[in-house]
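Comments concern the structure below.
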Ligand SMILES: Nc1ncnc2c1ncn2[C@@H]1O[C@H](COP(=O)(O)OP(=O)(O)O)[C@@H](O)[C@H]1O
Ligand SMILES: [Mg+2]
């Protein structure tokens with residue numbers, strides 16, 4: 001009796017989560033995958049016959065490939081900038097005294113409580129031709145610069161949104177570090193900079209890399225920011241899929257794009273993780 | 001003028017003095033212990049010498065050079081931290097080599113010196129391990145090798161043995177002292193363990209609430225503690241209150257023999273005597289009679305608590321292969337007048 005219970009209990013406990021996951025992720029994904037193989041006709045809509053034509057069309061059309069390339073490029077750029085800003089930020093944060101540490105931590109995490117759409121609108125107001133940034137440029141005699149609806153605007157806003165996802169894992173790994181380890185490096189003759197590079201940085205690499213993974217994944221699939229700050233012409237993968245579904249009404253093509261983006265993202269992230277793990281398993285266990 | 005001198009060293013945190021007015025002169029090659037209870041400012045003192053804490057006032061000189069405001073990476077002192085603070089992502093050999101790398105020592109010489117330092121602490125076989133693969137005692141020795149390999153003028157040790165279990169701690173005491181004597185490095189060790197301080201040091205500095213209370217050789221410190229606090233912090237001390245009479249302290253109608261300088265006849269006095277200075281005799285044959293209340297066998301010594309008319313007295317006897325007395329036995333306690341000392345009772349300093 002009790003052994004039978006022990007056998008079924010884990011399944012029962014896992015069931016709600018598994019059902020939720022199946023209903024909200026697996027099923028829609030499977031439906032999308034199936035949809036991407038269906039024939040589409042502009043006059044009569046989705047048909048029952050299957051085809052690989054959508055994939056062939058996407059992979060042979062430079063319009064789509066350019067958008068994929070831009071998506072990966074901007075996501076990578078966002079990741080690098082987030083790492084360059086986030087790592088020092090986390091380090092400074094970890095060396096701060098209370099209560100300042102709590103105040104600044106809140107300032108970094110706080111924006112997560114505001115909708116991405118609201119923040120994107122905020123940036124579009126700041127970066128627009130009559131926005132605060134251009135007013136400042138004019139006041140300095142630099143003239144008006146087109147920022148809104150450029151890749152720059154997208155990256156700036158993405159960095160703003162993604163920064164907490166970089167700062168938090170780096171900060172967490174800094175918390176685990178004995179502060180005396182850095183002091184030990186100083187007493188052995190290392191300058192502040194050398195101690196950071198040789199002793200602190202190697203130990204927060206794990207946090208830096210997992211933060212990068214999150215930031216890259218979220219940036220590559222970001223929708224609201226490219227939609228609001230990239231404008232109609234500057235598309236990224238998510239806005240492209242939206243267009244195919246809502247404007248072209250070519251759902252199978254949209255589905256094929258979504259699947260391709262998912263696969264590319266998965267490949268990049270898995271490869272990245274594989275490399276990272278191989279490198280760090282040995283030293284950090 | 002000492003090799004390393006501290007003059008009026010003070011460090012305030014807010015209004016609270018973690019260390020106040022510490023002055024000390026350390027000779028070259030000397031092994032000094034800073035001894036005191038937790039929170040008395042030992043680590044702060046050590047970190048000021050290391051350059052990791054900025055003194056609020058005071059001066060530090062090393063070999064005649066003022067290093068009070070020098071950066072830690074310029075001082076070149078060797079430091080073993082309480083947590084050892086090894087670099088977790090480097091092997092034992094890389095940890096030890098780090099200081100030499102910073103000094104731009106060429107690779108062949110670096111490797112030779114790392115090998116030599118690891119041999120000194122008997123870790124040559126573990127050079128390629130990572131710190132997390134080592135036991136506590138091995139980590140501690142890596143930390144010592146890492147600090148010594150740079151040939152520091154002064155070695156600073158912050159409770160280097162406190163993370164080790166009792167048996168290992170004892171072994172490492174002798175080992176550490178042996179290494180220090182072989183290398184001859186001037187050493188300052190922080191500890192809250194009096195037996196560690198006594199067994200390892202040339203001189204012991206006793207600190208209390210940020211101040212130095214006494215600086216003395218271990219033996220003299222033990223025999224002539226300057227304050228009641230020190231007398232009970234370093235070893236055990238019996239304290240019996242009574243009234244001073246010409247040749248001793250009178251308690252309950254008996255005059256217990258002891259030395260007492262500068263006490264007026266009839267003045268209140270406290271007799272202080274170490275447990276191991278008391279001998280056990282037959283009832284009536286000693287200077288004070290009592291009944292054995294408790295008996296503890298510690299291997300090399302017996303420890304008795306004896307109930308007397310003067311109060312509870314601790315007696316420690318070397319284990320000579322037989323049982324000196326049992327609980328409930330009537331015994332006489334005996335001591336010579338030169339091994340006990342009387343002083344004025346000091347309410348403020350009682351412990
Ligand atoms: N960074 C600090 N900020 C505030 N108070 C401190 C700091 N470091 C030490 N103290 C205080 O200074 C006193 C001495 O500390 P410490 O030198 O670490 O003592 P010990 O090493 O003898 O145990 C303690 O009361 C401690 O609370
Ligand atoms: Mg301490």
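Remarks
- Qualifying positions in segment B:181-204 - away from ligand 1 (no atom under 16 Å from the Cβ), within 12 Å of residue B:35 (Cα to Cα) and not in a helix (DSSP H, G or I): B:201, B:203
- Failed item in (1) at the interface with another protein chain (Cβ under 10 Å from one of its Cβ atoms); (2) at pLDDT 95 or above; (3) touching a strand residue (DSSP E or B) at 6+ places or on another chain (Cβ under 6 Å), with residue B:59 passing the rest: (1)
- Count - residues of segment B:31-47 that are more than 12 Å from ligand 2 (Cβ to nearest atom) and out of contact with any strand residue (DSSP E or B) (no Cβ under 6 Å at 6 or more places or on another chain): 0
Residue-by-condition table, conditions (1) in contact (Cβ under 8 Å) with a residue 40 or more places away in the chain; (2) within 28 Å of residue B:133 (Cβ to Cβ); (3) not assigned by TED's automatic domain parsing to the domain that holds residue B:180:
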{"position": "B:57", "(1), (2), (3)": "yes, no, no"}
{"position": "B:63", "(1), (2), (3)": "yes, no, no"}
{"position": "B:73", "(1), (2), (3)": "no, no, no"}
{"position": "B:79", "(1), (2), (3)": "yes, yes, no"}
{"position": "B:88", "(1), (2), (3)": "yes, yes, no"}
{"position": "B:94", "(1), (2), (3)": "no, yes, no"}
{"position": "B:104", "(1), (2), (3)": "no, no, no"}
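- Summed over segment B:77-88, the residues that are buried (at least 21 other Cβ atoms within 10 Å of the Cβ) and facing chain A (nearest Cβ under 7 Å) give a count of 5.
- Options A:207, A:189; residue that is facing chain B (nearest Cβ under 8 Å) and in contact with a helix residue (DSSP H, G or I) (Cβ under 6 Å, 6 or more places away or on another chain): A:189
- For segment B:130-149, a residue qualifies if it is more than 16 Å from residue B:91 (Cβ to Cβ) and either within 14 Å of chain A (Cβ to nearest Cβ) or within 16 Å of ligand 1 (Cβ to nearest atom) (or both), and the qualifying residues are B:140, B:144, B:147, B:148.
- Check on residue B:207, more than 16 Å from ligand 2 (Cβ to nearest atom), in contact with a helix residue (DSSP H, G or I) (Cβ under 7 Å, 6 or more places away or on another chain), over 30 Å from residue B:308 (Cα atoms) and outside any helix (DSSP H, G or I): no
- Yes/no for residue B:152 being away from ligand 1 (no atom under 16 Å from the Cβ), under 25 Å from the mean Cα position of the chain (by Cα), within 12 Å of another protein chain (Cβ to nearest Cβ) and assigned to a loop (DSSP other than H, G, I, E, B): yes
- The criterion of at least 2 residues that are farther than 14 Å from residue B:242 by Cα is met, among strands (runs of 3 or more DSSP E) falling completely within segment B:264-351, by B:279-282, B:288-297, B:301-308, B:311-318, B:330-334.
- The one condition in (1) more than 16 Å from ligand 1 (Cβ to nearest atom); (2) touching a residue at least 60 places away in the same chain (Cβ under 8 Å); (3) closer than 21 Å to residue A:188 by Cα; (4) surrounded by 15 or more Cβ atoms within 10 Å (Cβ to Cβ) that residue B:30 fails to fulfil: (3)
- Residues in segment B:33-45 that are crowded, with 20+ Cβ neighbours inside 10 Å and either away from every other protein chain (no Cβ under 14 Å) or more than 8 Å from ligand 1 (Cβ to nearest atom) (or both): B:33, B:34, B:35, B:36, B:40, B:41, B:42, B:45.
- Single unsatisfied condition, residue A:210 versus (1) surrounded by 20 or more Cβ atoms within 10 Å (Cβ to Cβ); (2) within 20 Å of the chain's Cα centre (by Cα): (1)
- Condition check for residue B:167 on (1) assigned to a helix (DSSP H, G or I); (2) farther than 24 Å from residue B:76 by Cβ; (3) in contact (Cβ under 8 Å) with a residue 24 or more places away in the chain: one failure, at (3).
- Members of segment B:101-129 that are at the interface with chain A (Cβ under 9 Å from one of its Cβ atoms) and surrounded by 15 or more Cβ atoms within 10 Å (Cβ to Cβ): B:101, B:102
- Options B:16, B:22: the member that is surrounded by fewer than 21 Cβ atoms within 10 Å (Cβ to Cβ) and more than 14 Å from every other protein chain (Cβ to nearest Cβ): B:16
- On inspection, residue A:172 does not qualify as within 8 Å of another protein chain (Cβ to nearest Cβ) and in contact with a helix residue (DSSP H, G or I) (Cβ under 8 Å, 6 or more places away or on another chain).
The values are calculated or read from the model by the stated rules, or taken from the named source; none is laboratory data. Note that the coordinates shown come from a computational prediction; the quantities given were computed from them, not determined experimentally. As a convention, Cβ positions derive from the backbone with ideal geometry for all residues, glycine included, and neighbour counts pool all protein chains shown.
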